[in-house]
Structures are given as C-alpha cells and as structure tokens.
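Some notes on the structure that comes next.
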Amino acid sequence: MGSKRKRAANQATGDNQPSEKRTKKDSAATSGSTKTKTPKVLDKSPFTEHPTVDERRRELTLYDLLGSEDVSERIDAADAIISGLLGGDGVPEPVLLRHLEKRLLRGLASGRNASRLGFSLVLTEILGQLFGEKDLAGSKYTGLTFESLLKILIEKTHTGGSVPGQQEREHYFGQLFGIECFVRAGILFTDKTRWFSILDILLKLSEKKSWLKSQCGYIIVQAMAFMKRRTAEKTLVKLAEEGVAKTPEGVGIWIAALDRFPDMQVPSQPWRNPLAATSLTSLPTVLKDSGREATTEQNGTKKQKQGNWTAQLHFVWDQILAHFIKLGAEDDANAGEQFTEFWDHVVDEGFFSYSSSDSQKFSGFMIFQKMLEAAPSCSYILESLFSKNMMLCLMNQASQEDRYLHRAALKALKAIETSVEKEPSFLPVILQQMISKHGMYNFDQRTSTKTIDKLLQNTTPSTIKPVLKLLKLKDPFKSGLDDTKYYQSLGNYLFRLASVPSETNEGESSSKSVPGSAIKALTELAYSNKSVPESIKEALRAKSTSAFAKLVRRPEDFGHLCNAILSIESDIDEVDETAASILEQAYDRLKELLDPDHDTEATRAPRQALALLHAVAILQFYNEDPDMIDLFDELEECYNKLGGDSLQDGEGIAEYLVEILLAMVARPSSLMRQVSQQVFEAFTGLMTAEALKLLTDPLVADESAKGQQALFSTEDEDMQDADGGDDDEDDNDAAHKSDEEELDSDVEIMDLEDAGSDDQDDGSDDEEDEEVEDKDQEALDALDTALADVLQSHRLDKDVDAESDDGSDMSDSEMMAVDEKLSEIFKLRAKTTSKKKEKKDAKDTVVNFKHRVLDLLSIFVKKEAAASNPLAFDALLPLLQLIRNTTTKAVANKACEIVLNFSKALKKARSSHMDTPEMDTSVLMALLQELHDEASRDPSHAFTKAVSTASLAVASVLCGKKDDKTQDVFLLYARTQLRWYQGEVKIQPAFFADWLNWCQSHASTAVAQEHK
C-alpha cells in the first residue's frame, strides 16, 4: 500500500506541474493572479455522504491543490474544504469523519510537495471549531471526541513492522504536524487531561529518534503560550522528572515558561532558572550536547539520550535571544551585565575554548552570527560578542585555508561586514573590538583577509572622529606591534579611509568629511609626526602622495587636499633661508587662492587649479624634489598674471602653464598626471596659438635616443625608466608584495602596447623583431667564435670540421691569459646588451611622454571644439602628422581617437545652434588645403580615416559660414580627386567616398527642408 501511495503522489506531482505553467501563462495574459481566478473555479458546496464520480473528482482536485507549493492555491483550497465540511449547517458526522480519517489525518504522512502544510491548515481550523468556542463536538458531532481523533492520528501515522527509513521519517513528521495542529487550535487547556495526553505522546516520540527531540521540544514551547500558570508549573515538574530539564530542549522550555510567568514556582532540581548566575556552570555542558548516550537513572531521574551534532542551530538559541531582547526592551539596568556573563561562561568558554571540538566551534560561529543579526534591536549585545576565545578562534581559523573551520570563520567575518554595512553606526564599536581588546591592531595581516579595509569603507561623517581616535593610538606600544609595523598599519588604514567617497555638501569643512579627515591625518603622519621611524617615512609619504592622486580625480575633494597640505608642520633646514622663504611665500599664495572672497565667476576655476598646483608643489617640496624651487618661481609668475578680475588679465599665463604641465607629465607619477589634467582643463579657455604650439611640438620628436635628448635637455632621473622606476618604487618594495599595496603606489606603470589599442602593429613591429633577432644571432655567433679562439674549442655541431686535439693541458700562465681574454669578451658583450636596453628605454620614454601630451590635447579638443574655438583647429595637423610618423600603434590610435572626438564635439556644437565665435575662412581654407596635402602622404586606411574626418569637419564649417566658401570647398575636393585620377598622388578611395556620403546627407536634408 505504501508503494502505491508513493506512486500516486509522484503522479499527482507530475500532473500538477503543467497546471502551474498554464496558470502562469494565464496570469501573464490577463494581468491577474491565481487568487482572482481560483474562487470562481473551486466549488464550496457541502460534501455528500455518497459522492458521485464528479464529486469524487472534485474532492481529488481540492486535496491536490491543498498540497500545492503555491501558497495562494493552498489557502483557496483550504477555504473550499472547510466550507464544504463545516459551512452552513455542516455535513453529517460520517462525512466529516471520512474526511478526517481518510484524507486529512492520513495525508499528514505524505511528503508530496507542501501537503503537510495544507492539511495542517485545515485540521487546525476544524479542531478549533469542534473543541473550541463553537464546541461542535459537544452539540452536533458527539461521536467525534478528542480522544477518538487523537487515536486516529496515532494510528494513521504509526510505523508498524519493517518499513523503509524515508517512509518511517514521513510518518514521524506526520505525527508531529498532527500534534502541532492540536496545540495551535488552542483546545488543549479547557480540559487539563488533554494537554498531558499530548505531552506523554511528545515525550515518547522524542525517544524514538534523536532528531525528533528538538521538534518535540519546540511544540511544547509553542504550547506555553496557551497555558495557565498552574498548568505550566505541572508541565515543568513532569519534564524535570523525565530528565528533560538538562537538555537544550529543556532550557528552551524553561526560558519560555519563565518569560511568560516570571513568578511561577519552578522545581528546585535540576535548576530553577537556567540563565541564572548559579546555573551558568552547568549550562555550557547542556547546550553543547556533550552528554552520554545512556538511559540509566541518575539521582532518581532519567537521563535523556543526546542527539548527534547537526549543522542546524537549535531553537533554544532563539529563545535565549528573545529573552535578552525582552530584557533590553524593559530597560533592565543589569541586562547588559547578564548577557556578558552568559556569553563569557556559556559561549566563549563553552563553544570556543581550547578543548572544544570542531563541531562545537562551528555551532559557536553560527550563534555569533545569530546574535550579531539581532544587535540592531539590542545594542548592548554587540559589545559582548567579541570575547577572548571567540576572537582567538576566529583569527586562527580565518588565517589559513587548510583549517577545518576556515569557511565558517570567513562567513562570520562576512556577517560582521554586512552588519556594519546595514548599520554604519556600529563601526566604532566593532572596530574597537577587532583591533584592540581581544583582537589585533593588524587584524587583516593576522587573518589574511581585508575585513578591516571593508569595514572602514562604511565610515560616515558622523563616525569618522571616533574611528580616527581608535586608529591613532596615543601609545603605539598598546597595539602589540613594534613602531615600524604599527605606523605601517596606521598608514594603510588612513589610506583606505581617504578612498571613501565624500558625502559632505559644498562648503562643509574637512573635519566633517571622511576623506578630508583621513588625508589630513595621513599627511600629518607622513610629514609632521616625529615619532615615525625614518625607515618607513618615505613609504608613508609615497602612500600619502598616492592618496592625493585619488582625491584629485574627485573635484568635490579639492578643498580637502589643499587643507591637508596647509596642515603640514615639518621642519625645514634653517640653513637654507632661500628655500624657507620661497615655501612661506607659496603658503601665502595658496591661502589667498583658497579665499572665496577673491573669486569671480570667470576666475574661480583657474584660481582653484592654480591652488592645486601650489599644493602639489609644496607636497613635492617636502618630498625633497630638487626641481620644486624653480617650479615655485614659475607658479609665482602665473599667480601674478592671474591677479586680475577677468581671464583676459592673464595674458601669457598659458605659455607658463604649458611649460609647467609638460614638466609634470614627464614624471612617472599618477599624482602628477591627474593634477596636470585637472589644471589644464581649467585653463583651456586661456590657451593661445603659442601655448598650443608648445604643447604639440613634442609630438614630432623621434621615438629614439635622439628624440629623448631633444625633448629632455637635462639628465632627468625620472625619465630614465619609462616603466616608472623611481625612488618611490624602491621605497615601496614591501608594499608591492600584494595587489592591494600595488594600488597604493603613486608610481605609474604603463603598458605601452595597451595604452591606446589592443591591436598589434601589422607589419612594422614584426620586421623590427626579425631584425633584432638577426642581430642577436649574429652577436651570439660572434661570441661563440671568440670563445672558440680563446679556449681552442668548438661547438658540438662542428665536430666534423674541427681538428683533432693533441690532448695536452694548458700551463698556469696560459690559463691566466685565457682568463683575461674571457673577461674582455664578456665585458664587451655586457656593454652591447646595455646599449640595446638604453635604446629601448629611450623609445619607451618618448612614447610615454607622447601619451601624456595626447591626454592633454584630448581635453583641449573636447572642450574647445564643443565651444567652436577656432584655436582647436590648429591641433589637427600636428595630430595627423603624429599618426603618420609614429612607429607605435598605440600612439597612432590615441591620436586618431582625438581627431574623431574633435569632429563629434564640433558637430554637437553646431547642432545646438549656440553662439560661436567668428572664424577666418581664409585660414580655414588654407588648413583644408594642408589636410588634402597630408592625405596624399600616407595611403594607410587608419590615416585616411583620420584625415578624412578632419577634412570634413573643416569643410562643414566653411560651407555653413555667412561668406559661403562652398564652391571653393568643392573645387578643392575636385582638384584633389583629379590629381588622384591622374596618378600624381596616392590616396585611399575612402577619402572621396566619405566626401560623397557627406554630400548625399546634406542633399537629403535640403530636400526635406524644401518639402517642409
């Protein structure tokens, strides 16, 4: 019979799936839901005593829906069944008995879908009406007594004989659900015998299987809500006699009873209150499930069997948590102290002690996470959770992947991060526990995680002050680290805080901003703190510079950077009075530039940009950069030229700025690059033809040692290594051991191949590589020949050509002579290799510098072309010449992109009908002629696309001016095409195809306007 029912259940499941799909489609089609359709379909008429085929089919449908996984279907089916049984005058007793016996009570043992949930819903309602306020069992259904229904439940869920383990499990769960229906119906306490009958069944059932113990205990806890005080007292007495008190289930029951009746009489043995201070010594053993598996009698009471360890947390912890939350809600003054005492004795010393098993520690981590989730509703819990043994276990398990509880520890750390993310106000409390007290200041290094870093990302303006107070210890010795490691960790923490996005409104001070306060603290640590060991000062300054580079990218943090610079109090060599005087003047200019009273609408952006330059110059001065003295002089000149109230007063300032910015971008520093771009963007409106020429002149330099010599007249250390190898990198060798610390370095490492395009050079690079390989092979052959002459030997592949050896040995004098010759050969070889590396470094240096210049040109073109500035057109020819002459495809691609962006920005400006400055058409015609000449100098597709785009951009302006040059433009294209036809020049056909497409587009537009 069991197998038949099982097949029927499976068939029912299979039959039910299509109906769910159809319902979903119908719902989507009608924009309705199952709830709106089901009441119209389900029949709520009373069930009959002798059902027909259709009525049986109706019953089958209703009970099938009652076991559906869809909540709405279950509820609608339950409503129909209850109405069909008890609606109106109700069905006859035999009909109700048949449904209870054959359907509802029997169906509890079914594991199909959500059958138990649906059947329990109907049973609870029917039992409530039979034995509750309506008392239908006493008035109408007198044959349906409480005892008879309980007997039917036991019979239908009894596992007699030898049955499969899964079927036995289903029957046990069915009996549990049935008993729970009796409890939830609230009918057990009108007659005292009813409850104790149920209690006896629960106690017997809990002895069947260990995994039933917690389920039975939870039902008793649910029943506590319906009990009166006297019943509760008798229940506890009976449980104590059965040995349930000192089990996790007993603890949960005792807590539920005492929370409901605080002044009730409790059996003196084995305890009155499991959470009382006197019970805490024995409570850990009970909650750890560490009792022996025995049924012997001990002190006159039965000792319960203990279940095996399970990964699911016991319900007793929900009761314990609810108890302490209730204490907190009642403003109990001792609530925090009671919880701390409980946590230390029970959890910390019980689950996280050195002698605890892995399973107990795993349970401890789950308990920790559960308590942590409840912290928002009970704040005093948070401070006690990070206890000594727990923190030690957490750090040990998280530090190594091969630890048994490594993943559990990481999950606990993730829970900490999540709690702070949801409630940022928890950060100071949690941070204090993790980096002090029972934690470690370098927690992340100790655990090989980034927990503290992630926590710091949730710092807010309201918590930044206490967070900094926790990080900046008055006595570094309290951190448990030596001075060097302490200041390194502090620098890392401050650097992370400086990366937090700013939330301050405009005008707020840096003290209320997270990055503002952090960068100020980091700057003071790196430059003003005399306690910092000399060995890490350079590393901290490099980290500070890198933090500045990140702040510069966010214009809203501009003021924070300048305020941090102003806060530096570093000793200056008193002997160098000139440097001290220059620095003081720079500080005065910076303060004046930051004064909003001297700003106007036109000068605000340039003044802020110049202030930024002063701030960076001061920072680099403290970094002992020797070129900063000259830079201060140039900045003073710019400051004087910008002293007026309008931009026109700053005549000649652009040339100074370009010189300064070119010197800055020549340095392999992310800070310098970011600052140069920010400043240049503020001054593009002041650019002149002379300044633009200064900016584009480096683009024509050869990408070789000769070009490097032309660009940099002095032997600048910063430009010797294009990969960014400067002193800052050496200072940060230790920091570069991980990906995280690489991001902290301000030194910019650029991959020239990836800078502009992922494509490789088509043929030139391959040819160069082949030439280099040929030269290398020739050098190796020459080295082999030289060694053979000196050693009087030969290679293995030349045995045939070699003369026979007489077998004589060399004398000492001959060996000394050979040694000298070998030294000369290898020195010559090393010198040759060094020259090759110098050539490569020189090319990389020039290419890197061109990339930086193109970054500035890109800013100028985008901004000024959008404003239709005639000067923007002057950048086209240098860009095209660079595309044609460069040997690095990445540079060519970036220049092409700038030309395309120029065309887009110009088109956008013209389509917006904004007021544009007048342009000299004769100058534009001359430029167009030069562009056509350029088109014939390189037949490559990429160059043709760039020059065609530039040419059409100029032509579109000329054809749209008042003094129409359309005829001249068409004649120029015609002449160029004729020369191409006659073979005088070589130009890609795409150049003329683009022109024809442009003409077609304008013709179509003209026709459309004419029709309008």
### In region 249-276, residue nearest to Trp211 (Cα to Cα) [restricted to those that are aliphatic (A, V, I, L, M) and in a loop (DSSP other than H, G, I, E, B)]
Leu275
### Message
Only one of Val95, Val91 is assigned to a loop (DSSP other than H, G, I, E, B) and either within 17 Å of Lys44 (Cα to Cα) or under 44 Å from the mean Cα position of the chain (by Cα) (or both). Can you tell me which?
### Response
Val91
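Each row is one residue, and each column tells you yes or no for (1) β-branched (Val, Ile, Thr); (2) over 24 Å from Tyr218 (Cβ atoms); (3) at pLDDT 65 or above.
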{"residue": "Phe261", "(1), (2), (3)": "no, no, yes"}
{"residue": "Leu287", "(1), (2), (3)": "no, no, yes"}
{"residue": "Lys302", "(1), (2), (3)": "no, no, no"}
{"residue": "Ala311", "(1), (2), (3)": "no, no, yes"}
{"residue": "Val316", "(1), (2), (3)": "yes, no, yes"}
{"residue": "Ala322", "(1), (2), (3)": "no, no, yes"}
{"residue": "Ala335", "(1), (2), (3)": "no, yes, yes"}
{"residue": "Gln338", "(1), (2), (3)": "no, yes, yes"}
{"residue": "Glu341", "(1), (2), (3)": "no, yes, yes"}
### Lone unmet requirement of (1) farther than 27 Å from Leu711 by Cα; (2) without any contact (Cβ under 8 Å) to a residue 40 or more places away in the chain; (3) buried (at least 17 other Cβ atoms within 10 Å of the Cβ) for Glu592
(3)
### helices (runs of 4 or more DSSP H) enclosed by region 150-236 - at least 1 residues per element that are free of Cβ contacts under 8 Å to residues at least 24 places away in the same chain and among the acidic types (Asp, Glu)
165-184, 192-206
### Query
Does any residue in region 445-461 that is under 24 Å from Glu401 (Cα atoms) come within less than 9 Å, Cβ to Cβ, of a residue that is open to solvent by 10 Å² or more (accessible area, probe 1.4 Å) and part of a loop (DSSP other than H, G, I, E, B) six or more places away or on a different chain, and which pairs are these?
Arg446/Gly439; Arg446/Met440; Thr447/Met440; Ser448/Gln400; Ser448/Glu401; Ile452/Asn442
### Query
Of all residues in region 613-654 being part of a helix (DSSP H, G or I), touching an Asp or Glu at 6+ places or on another chain (Cβ under 9 Å) and within 21 Å of Ala691 (Cβ to Cβ), which is modelled with the lowest pLDDT?
Lys641
### Summary
Residue count, region 67-81, condition in a loop (DSSP other than H, G, I, E, B) and either in contact with a Leu (Cβ under 7 Å, 6 or more places away or on another chain) or buried (at least 22 other Cβ atoms within 10 Å of the Cβ) (or both), comes to 2
### Sole exception among (1) at pLDDT 85 or above; (2) open to solvent by 10 Å² or more (accessible area, probe 1.4 Å); (3) in contact with a Lys or Arg (Cβ under 7 Å, 6 or more places away or on another chain); (4) not aromatic (Phe, Trp, Tyr) for Gly84, by number
(2)
### Message
Condition check: in contact (Cβ under 8 Å) with a residue 12 or more places away in the chain and either open to solvent by 20 Å² or more (accessible area, probe 1.4 Å) or more than 23 Å from the chain's Cα centre (by Cα) (or both). Does Lys474 satisfy that?
### Response
no
### Query
(1) at pLDDT 85 or above; (2) closer than 21 Å to Ser704 by Cβ; (3) out of contact with any Ser or Thr (no Cβ under 8 Å at 6 or more places or on another chain): which one isn't true of Lys837, the others all being true?
(1)
### Message
If Arg292 satisfies all but one of (1) farther than 22 Å from Lys411 by Cα; (2) in contact with an Asp or Glu (Cβ under 9 Å, 6 or more places away or on another chain); (3) modelled with pLDDT under 85, what's the number of the condition it fails?
### Response
(2)
### Task
Would you check if Asp557 is touching a helix residue (DSSP H, G or I) at 6+ places or on another chain (Cβ under 8 Å) and more than 25 Å from Lys530 (Cβ to Cβ)?
yes
### Query
Are any of the residues in region 49-67 farther than 27 Å from Glu168 by Cβ, in contact with a helix residue (DSSP H, G or I) (Cβ under 6 Å, 6 or more places away or on another chain) and of a type outside the set (A, V, I, L, M, F, W, C)?
yes
### Task
Could you list, in sequence order, all residues of region 967-1012 that are among the β-branched types (Val, Ile, Thr) and open to solvent by less than 40 Å² (accessible area, probe 1.4 Å)?
Val969, Thr976, Val985, Ile987
### Query
Wholly within region 903-1002, which helices (runs of 4 or more DSSP H) include no fewer than the required count, namely at least 2 residues that are within 21 Å of Ala867 (Cβ to Cβ) and modelled with pLDDT under 90?
921-935, 941-959
### Query
Identify, please: which residue in region 88-97 is touching a residue at least 40 places away in the same chain (Cβ under 8 Å) and open to solvent by 30 Å² or more (accessible area, probe 1.4 Å) and is, among those, farthest from Leu149 (Cα to Cα)?
Gly88
### Message
Suppose we keep only residues that are modelled with pLDDT of 80 or more and of a type in the set (Val, Ile, Thr) within region 541-589. Which one would you say is nearest to Glu524 (Cα to Cα)?
### Response
Ile568
### Query
Which one of these does Ala609 not meet: (1) small (Gly, Ala, Ser); (2) free of Cβ contacts under 8 Å to residues at least 60 places away in the same chain; (3) assigned to a helix (DSSP H, G or I)?
(2)
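The values are calculated or read from the model by the stated rules, or taken from the named source; none is laboratory data. A quick note: this is a predicted structure, and the numbers were derived from the prediction, not measured. Cβ: placed from backbone, ideal geometry, glycine included. Neighbour counts: every protein chain shown. SASA here: full protein model, heavy atoms, side chains in, ligands and nucleic acids out. Shrake-Rupley method; radii C 1.70, N 1.55, O 1.52, S 1.80 Å.
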